[in-house]
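Below is one structure; the comments refer to it alone.
The values are calculated or read from the model by the stated rules, or taken from the named source; none is laboratory data. Just so it is clear, the model here is predicted, and its values are computed rather than measured. All Cβ positions, glycine included, derive from the backbone under ideal geometry; neighbour counts span all protein chains shown. Areas reflect the complete protein model, heavy atoms only, side chains present, ligands, DNA and RNA absent. Shrake-Rupley method; radii C 1.70, N 1.55, O 1.52, S 1.80 Å.
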Amino acid sequence: VVRRLREGLERSVKQVSQLLLFARAQSGEAPELLRRDARPWYLSELAGEALEPLLDQIEKKGLKFSAEGLDEKGEQPVSGVSRAPAFAILRNLLENAVHYTPEGGSVTLEAKRTDQGLSLTVRDTGPGIPESERERVFDPFYRIKGTGVAGTGLGLAIVKSYADMAGGTVALSDARPGERPPGLCAEVFLPA
């Protein structure tokens, strides 16, 4: 009974947190947030903060997690890209990937920095998203039927809202084209 209560409470806290994050992204505070958040920051720290709350679930599910482009030795700070949208995007992409990837699967984070901006890509070995649904999943509260996984339908809406706020783009594709399950590849580009 206590375990079920704890799990229900954790779900409720996550839902309220996502609702607040989504409301913030939609509120029009974007220009002020981007100006306030212009200090340089470290990509490895951002990834660590986004990943830390997911470590228990990764371990319980036996997921293989890997990261590319997060070289901490001699890492130069990211400048010209606001940290708040990057964090909200990365947190939601990683949460979705870990949540939807079945036991024993894998999740990969790839980060690339260029003079033009920052590219964040998360790949998983979950069920993926059918091509016909890829635009709809950015709608708030939209959920694909038959996944068998509980959720709010806000994760990708938050990703899209924060990417739009920062002048970025979001693209979804199969992580493993031609394989079953195809997994999901979510790529976000945030311009500098």
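Restricting to region 37-92, what's the tally of residues that are of a type in the set (Asp, Glu), more than 15 Å from the chain's Cα centre (by Cα) and at pLDDT 90 or above?
From region 37-92, those of a type in the set (Asp, Glu) are 37, 45, 49, 52, 56, 59, 68, 71-72, 75; that's our starting set.
Add one more test, that the residue is more than 15 Å from the chain's Cα centre (by Cα), and what stays is 37, 45, 56, 59, 68, 71-72, 75.
So of that shortlist, the ones also at pLDDT 90 or above come out as 45, 56, 59, 68.
Total meeting the criteria: 4.
For residue 153, all conditions in the list (1) closer than 19 Å to residue 91 by Cα; (2) touching a residue at least 24 places away in the same chain (Cβ under 8 Å) hold save one; what is the number of the exception?
Failed condition: (2).
Please state which one of 84, 163 is within 15 Å of residue 43 (Cβ to Cβ) and either among the small types (Gly, Ala, Ser) or open to solvent by less than 40 Å² (accessible area, probe 1.4 Å) (or both). Outline the logic, then answer.
Values: 163 fails: within 15 Å of residue 43 (Cβ to Cβ).
The match here is 84.
If you go through region 103-116 one residue at a time, do you hit one that is of a type in the set (Ser, Thr, Tyr) and modelled with pLDDT of 90 or more?
Taking region 103-116 as the starting set, the residues that turn out to be of a type in the set (Ser, Thr, Tyr) are 106, 108, 114.
Within this subset, residues satisfying the condition of being modelled with pLDDT of 90 or more are 106, 108.
Scanning region 103-116 turns up at least one residue that is of a type in the set (Ser, Thr, Tyr) and modelled with pLDDT of 90 or more.
May I ask you to say which residue of 190, 154, 184 is within 17 Å of residue 106 (Cα to Cα) and open to solvent by less than 50 Å² (accessible area, probe 1.4 Å)? Write out each step before concluding.
Working: 190 fails: within 17 Å of residue 106 (Cα to Cα); 154 fails: within 17 Å of residue 106 (Cα to Cα).
Among 190, 154, 184, only 184 is within 17 Å of residue 106 (Cα to Cα) and open to solvent by less than 50 Å² (accessible area, probe 1.4 Å).
Do you know which of the residues in region 105-121 that are open to solvent by 30 Å² or more (accessible area, probe 1.4 Å) and in a loop (DSSP other than H, G, I, E, B) is farthest from residue 180 (Cα to Cα)?
Across region 105-121, the extreme among qualifying residues is 115.
Here is a yes/no grid of residues against (1) within 20 Å of residue 51 (Cβ to Cβ); (2) in a loop (DSSP other than H, G, I, E, B); (3) open to solvent by less than 20 Å² (accessible area, probe 1.4 Å):
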position	(1), (2), (3)
103	yes, yes, no
123	yes, no, no
137	no, no, yes
142	no, yes, no
177	no, yes, no
